[in-house]
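Report on the following structure.
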Amino acid sequence: MDWIRFAKSGKDLTGLRGRLMEVTQDELQKHNKREDCWTCIRGMVYNVTPYMDYHPGGEEELMKAAGIDGTDLFDQVHRWVNYESMLKECLVGRMTTKSATASKGES
Ligand code: HEM
């Protein structure tokens, strides 16, 4: 099956059942493994774990952006790729604008 069909198959690709969350830097960094991989592109955080096997550039390349802001890496290779449309079902949420210190102690 190709990625677009897989992504539209109705599976819960983020594990969040469609809910979006505000993602802190700390949280993003935790998801830096092959089996649990998030990356951030232009402020939006995506769970790219299900996309791993489908990425035309391969797993190793995609893993370079694991748990970090992958915008620069992404732009260096393929600025024109429509990731927003491709990864719509993988959207976890937006990076929080709060600084790590400001959000400490908040629940
Ligand atoms: C996270 C979202 C990403 C998406 C949706 C994505 C999507 C794609 C797509 C659609 C292609 C094929 C492009 C084409 O043939 O014109 C591709 C190729 C490639 N991607 Fe990504 N990519 C992502 C992230 C990354 C990152 C972070 C890197 C590097 C660190 C990367 C490295 C590459 C490389 C090296 C190729 C192969 C280029 C080639 O052989 O022609 N990608 N990617």
With no solvent and one equal point scatterer per Cα, compute the Debye intensity ratio I(q)/I(0) for the chain at 0.22 Å⁻¹ and report its log10, rounded to two decimals. -1.26
Can you sort W38, W80, W3 from fewest to most other Cβ atoms within 10 Å of each residue's own Cβ? W80, W3, W38
Sequence of I41, I4 once ranked by neighbouring C-beta atoms within 10 Å, starting from the fewest: I4, I41
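May I ask you to derive the relative contact order of the chain, considering only C-alpha pairs under 8 Å and at least 6 residues apart, and to give it as an integer percent? Walk me through the numbers on the way to the answer.
Numbers: 138 pairs, mean separation 40.2, N = 107.
Reported as a whole number, the value is 38 percent.
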For region 80-93, Karplus-derived ³J(HN,Hα) couplings (6.51, -1.76, 1.60; θ = phi - 60°; whole Hz; x for glycine and proline) come out as 7, 5, 7, 5, 4, 6, 5, 10, 3, 6, 9, 5, 8, x
In whole Hz, the Karplus estimates of ³J(HN,Hα) for region 29-41 (6.51, -1.76, 1.60; θ = phi - 60°; x where Gly or Pro) are 4, 5, 9, 10, 10, 3, 8, 8, 10, 10, 9, 10, 10
Distant-in-sequence amide H partners of V45 (H built 1.01 Å from N, under 5 Å): V92, G93, R94, M95
HN-Hα couplings for region 50-57 via Karplus (6.51, -1.76, 1.60; θ = phi - 60°), in whole Hz with x for Gly/Pro, come out as x, 7, 2, 5, 9, 5, x, x
Placed amide H near L13: partners under 5 Å, 5+ positions off or other chain: none
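Read-outs throughout are calculated quantities, based only on the coordinates presented, and are distinct from any laboratory measurement. Predicted model only: the values in this text are computed from it and were never measured. Cβ: placed from backbone, ideal geometry, glycine included. Neighbour counts: every protein chain shown.
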